[in-house]
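Engineer: Structure below; questions to follow.
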Amino acid sequence: MTKKASVAGMEVFRRALREAMNELGLDAFTLAPWFRGHSDVAFQLLPGLFRNPDNAPQEWNMFAYFLNDGSSLLERGVSSWEVLAYMQHHGLPTRLLDWSGSLQTALFFATAHRFRRDEVPASPCIWVMNPYRLNRISAKSKQHYVIYDETDRISFDYLESIRNGAWPRKLPVALAAPWRNRRVMAQQGSFTAHGSDSRPIEDIPALKRCIRRVDIDPALVPAIREELAIEGFNHFQAFPDLDGLAQRLRYQLMLG
């Protein structure tokens with residue numbers, strides 16, 4: 001793709017992104033969107049716990065082992081939701097689905113995270129979500145602008161809910177991330193927590209007006225990667241630890 005065509009293609013993508021935000025009633029400042037990047041449009045908005053039928057029955061055991069065996073590695077006083085976030089970011093299949101307030105982060109995961117620089121994903125896309133609308137529908141609330149966080153606390157505890165075997169909500173809810181987690185902070189991350197309805201978000205009729213998908217022309221991937229590199233966003237930025245540095249070097253130097 002020539003430079004001129006690349007610029008034109010990026011403008012088409014940005015226009016589609018703005019249209020998605022407008023349709024969702026979002027803007028860049030007062031009601032900011034959440035983003036999620038997928039390298040394949042076939043990948044669903046479904047957390048790891050529900051991607052395999054063998055996972056959900058182990059939810060309590062997984063949490064108990066992680067909390068007990070990892071207690072010396074966790075900060076004192078962490079809530080059960082924070083423990084769950086650590087589990088998610090260390091690779092366990094939880095009921096959390098990662099989102100980000102950063103378009104850069106979403107573009108990185110859609111186009112670069114698991115690929116060499118000479119590889120291009122076949123059908124990358126960005127999901128855009130209105131988390132405020134999601135919570136209003138999920139909680140059947142009259143409050144229009146709530147993200148559950150340290151001030152607007154969610155009304156139930158994760159540990160108690162899985163211990164009792166009765167999840168209080170049917171639909172997913174949007175949660176602000178515990179910022180003590182460095183990876184979540186670096187990625188400007190937040191989560192949706194799936195409820196008892198194990199369907200992907202896009203397959204739940206009541207939530208269709210909370211999300212939009214914006215497809216990325218694979219021909220734009222090199223230009224997107226170049227922009228991310230110029231802006232200093234790479235594996236080490238997304239994962240600020242030695243693993244992230246090693247991933248950046250593998251990508252930068254095209255190591256096998």
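Engineer: Would you check which residues across the stretch 220-236 are in a helix (DSSP H, G or I) and farther than 19 Å from His90 by Cβ and list them? Explain how you work it out, then say what you get.
Structural biologist: The first filter runs over the stretch 220-236 and keeps only residues in a helix (DSSP H, G or I), leaving 220-230, 235-236.
The answer is Leu220, Val221, Pro222, Ala223, Ile224, Arg225, Glu226, Glu227, Leu228, Ala229, Ile230.
Engineer: Please verify whether the stretch 159-172 includes one or more residues that are open to solvent by less than 50 Å² (accessible area, probe 1.4 Å), touching an Asp or Glu at 6+ places or on another chain (Cβ under 6 Å), assigned to a helix (DSSP H, G or I) and within 23 Å of Phe50 (Cα to Cα).
Structural biologist: Yes: the stretch 159-172 contains one or more residues that are open to solvent by less than 50 Å² (accessible area, probe 1.4 Å), touching an Asp or Glu at 6+ places or on another chain (Cβ under 6 Å), assigned to a helix (DSSP H, G or I) and within 23 Å of Phe50 (Cα to Cα).
Engineer: Kindly list the number of the only condition in (1) within 19 Å of Val83 (Cβ to Cβ); (2) in contact with a Cys (Cβ under 8 Å, 6 or more places away or on another chain) that fails for Phe191.
Structural biologist: The single condition Phe191 does not satisfy is (2).
Engineer: For the stretch 103-123, what are the residues that are closer than 30 Å to Arg18 by Cβ and open to solvent by 10 Å² or more (accessible area, probe 1.4 Å)?
Structural biologist: Of the stretch 103-123, the ones closer than 30 Å to Arg18 by Cβ are 103-115, 117, 119-123.
Leu103, Gln104, Leu107, Phe109, His113, Arg114, Phe115, Arg117, Glu119, Val120, Ala122, Ser123 - these are the residues of the stretch 103-123 that are closer than 30 Å to Arg18 by Cβ and open to solvent by 10 Å² or more (accessible area, probe 1.4 Å).
Engineer: Continuing with this model, one more query. Within the stretch 229-239, how many residues turn out to be in contact with a Ser or Thr (Cβ under 8 Å, 6 or more places away or on another chain) and open to solvent by less than 10 Å² (accessible area, probe 1.4 Å)? Can you show your working first?
Structural biologist: First, the residues of the stretch 229-239 that are in contact with a Ser or Thr (Cβ under 8 Å, 6 or more places away or on another chain): 233, 238.
Filter again for open to solvent by less than 10 Å² (accessible area, probe 1.4 Å), leaving 238.
Qualifying residue count for the region: 1.
Engineer: Among Val184, Val221, which is the only one that is at pLDDT below 95 and open to solvent by less than 70 Å² (accessible area, probe 1.4 Å)?
Structural biologist: That would be Val184, the only listed residue that is at pLDDT below 95 and open to solvent by less than 70 Å² (accessible area, probe 1.4 Å).
Engineer: Tell me which residues, restricted to the stretch 240-250, are open to solvent by 40 Å² or more (accessible area, probe 1.4 Å) and under 15 Å from Phe115 (Cα atoms).
Structural biologist: Across the stretch 240-250, the qualifying residues are Ala246, Gln247, Arg248, Leu249, Arg250.
Engineer: Do we have Ser196 as among the hydroxyl-bearing types (Ser, Thr, Tyr), over 21 Å from Leu107 (Cα atoms), part of a helix (DSSP H, G or I) and more than 17 Å from the chain's Cα centre (by Cα) here?
Structural biologist: No: the conditions fail for Ser196.
Engineer: How many of the residues making up the stretch 45-92 are among the small types (Gly, Ala, Ser) and farther than 16 Å from Arg163 by Cα? Break it down stepwise before answering.
Structural biologist: Of the stretch 45-92, the ones among the small types (Gly, Ala, Ser) are 48, 56, 64, 70-72, 77, 79-80, 85, 91.
Subset that is farther than 16 Å from Arg163 by Cα: 48, 70-72, 77, 85, 91.
Qualifying residue count, the stretch 45-92: 7.
Engineer: Contact list please: Cβ distance under 8 Å, first residue in the stretch 64-93 and closer than 22 Å to Phe156 by Cα, second residue at pLDDT 95 or above and open to solvent by 70 Å² or more (accessible area, probe 1.4 Å), pairs at least six apart or on different chains.
Structural biologist: Pro93/Arg51
Engineer: Now for a different question. When you check Arg212 against the structure, is it surrounded by 15 or more Cβ atoms within 10 Å (Cβ to Cβ) and not in a strand (DSSP E or B), yes or no?
Structural biologist: no
The values are calculated or read from the model by the stated rules, or taken from the named source; none is laboratory data. In this text the structure is predicted, and so the values were computed from the model without any measurement. Glycine also receives a Cβ, built like all others from the backbone with ideal geometry; neighbour counts cover every protein chain displayed. Note: accessible area is taken over every heavy atom of the protein model, side chains too, but ligands, DNA and RNA are not part of it. Shrake-Rupley method; radii C 1.70, N 1.55, O 1.52, S 1.80 Å.
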